[in-house]
Amino acid sequence: MGGDVVLAALGRRPMTDGLGLAEAGIEVGQRGEVVVDEYLRTSLPHVYAVGDVNGGPQIAPLCLMLCSRPCRSRGSG
């Protein structure tokens, strides 16, 4: 594999400012990320945070794979 250019994205952070998460009772971390458990549940057990917003690896395919976790936590997958 060859290439002429390398693209690096540094300093990315979840863009949650102005969403009113704290007012809704959803815990937010120091960088603005939504705090989740191993099944991607927020501090409100019926609300899930999937993707870059939860502060995990910001890689779209990984986030899509993790989307199945809430289903498995309910015993349906």
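Amide H to amide H under 5 Å from residue 28: which residues, 5+ apart in sequence or cross-chain, H placed 1.01 Å off N in plane?
Answer set, sorted by chain and number: 35.
Working with all protein chains in place, sort 41, 31 by solvent-accessible area computed with a 1.4 Å probe, largest first. Present the calculation step by step, with values, prior to reporting the outcome.
Details: 41 75, 31 120 Å².
So, going from the largest accessible area down, we get 31, 41.
The values are calculated or read from the model by the stated rules, or taken from the named source; none is laboratory data. These numbers were taken from a predicted model, which means no experiment stands behind them. Ligands, DNA and RNA are excluded from the accessible area calculation, which covers all protein heavy atoms including side chains. Shrake-Rupley method; radii C 1.70, N 1.55, O 1.52, S 1.80 Å.
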